[in-house]
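Novice: First the structure, then my questions, so here it is.
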Amino acid sequence: RGKVLQDSSFIFAGSNQSSSIDFDIYLQKISANGQKLWSKGHNTQNYGNAEGLEVAEDGGFLTVGYSQWQIPSGDYALTPVFVKFDENGNYQWEKYPLIGPFNFAWPYNMTKDSSGGLYVTGELFADTTDHFSDIMLLKISEDAEVEWYKNYGSKNTEWGEDIIVPNDSQIVMWG
């Protein structure tokens, strides 16, 4: 995923496991004329990845991905992993909120609204009858605290791949 920054440079985030680079989350900043300004990597506590990227209000970066890990009850959960970096790509914090009735949620992308609110789409395991996933819509604060979530679906598997907020009264998900 990538974003154009206010200074016309670019920031990209993803996961990278290769023979020379091995990080759960890898950030790279490129100048407007194509020169690499910096590259930073971070290995998360519970092996996460980067599926989405947003520029934070403080000029830093927030990534969203997912991670499977053992929760205190002894069960396993598949949850979003939000990782915050400063404007120079230095790691600040990571969070793993439990979402949904079964703690299985796969985020695939994230976007901001005009007031800085963050919305995440992906899939949420929400049905034990048919064992299928629904489209997930998750609203979080800038510090990755869950404000609310909703799921949409039927008896098939649905998920959201991308999300945009064209105005304050409209959220559009595609999947």
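Novice: From the square roots a ≥ b ≥ c of the eigenvalues of the alpha-carbon gyration tensor of the range 1-74, which class results: rounded (a/c under 1.5), prolate (a/b over b/c), or oblate? Before the final figure, lay out the partial values.
Specialist: Working: a/c = 3.27, a/b = 1.72, b/c = 1.90.
Note, shape of the range 1-74 comes out oblate.
Novice: Give me Rg/Rg_expected for the range 38-126, where Rg uses Cα atoms only and Rg_expected = 2.2 N^0.38 Å with N residues.
Specialist: Working: Rg = 13.4 Å, N = 89, 2.2 N^0.38 = 12.1 Å.
Ratio of Cα Rg to 2.2 N^0.38 Å: 1.11.
Novice: Further question on the same structure: Taking a ≥ b ≥ c as the square roots of the Cα gyration tensor eigenvalues, with a/c under 1.5 meaning rounded and otherwise prolate when a/b beats b/c, else oblate, which class fits the range 76-175? If you can, show how the numbers build up before the last one.
Specialist: Values: a/c = 2.32, a/b = 1.36, b/c = 1.70.
Since a/c reaches 1.5 but b/c is at least a/b, the shape of the range 76-175 is classed as oblate.
Novice: When the accessible area of the range 101-156 is computed with all protein chains present and a 1.4 Å probe, what percentage of it is carbon and sulfur? Walk me through the intermediate numbers first.
Specialist: Values: 1270 of 2580 Å².
Its accessible area is 49 percent carbon and sulfur atoms.
Novice: Shifting gears a bit: Could you work out how far apart the two model spin labels at Q92 and K155 are, taking each label as a point 7 Å from the Cα in the direction of the beta carbon, and quote it in nm?
Specialist: A separation of 4.7 nm, rounded to one decimal place.
Novice: Between (i) 1, 7, 15, 18, 17, 15, 11, 7, 6, 3, 1, 0; (ii) 2, 9, 17, 20, 20, 16, 10, 5, 2, 1, 0; (iii) 2, 9, 17, 24, 21, 14, 8, 4, 1, 0, which entry matches P(r) over Cα pairs in 5 Å bins from 0, in percent as derived from the coordinates of this structure?
Specialist: Correct label is (ii).
Novice: Please report, in debye to the nearest 20, how large the charge dipole of the chain is about its Cα centre when each Lys and Arg carries +1 at its beta carbon and each Asp and Glu carries -1 there. Provide the component values of the computation, followed by the final result.
Specialist: Working: 11 positive and 24 negative charges, 82 e Å.
Using Cβ point charges on Lys, Arg, Asp and Glu, the chain gives about 400 debye.
Novice: Continuing with the same structure: Once label points are set 7 Å from the Cα along Cα→Cβ at both V146 and N43, what is their separation, rounded to one decimal in nm?
Specialist: For the pair V146/N43, the computed spacing is 2.8 nm.
Novice: Still on this structure, please answer the following. What accessible area per residue comes out for the chain, rounded to a whole number of Å², with a 1.4 Å probe? Don't jump to the answer; show the numbers that get you there.
Specialist: On the way: 8910 Å² over 175 residues.
Dividing the accessible area of the chain by its residue count gives 51 Å².
The values are calculated or read from the model by the stated rules, or taken from the named source; none is laboratory data. Predicted model, so just to flag it, every value in this text is computed and none were measured. Neighbour counts run over all protein chains shown; Cβ positions are idealised from the backbone, glycine included. Note: accessible area is taken over every heavy atom of the protein model, side chains too, but ligands, DNA and RNA are not part of it. Shrake-Rupley method; radii C 1.70, N 1.55, O 1.52, S 1.80 Å.
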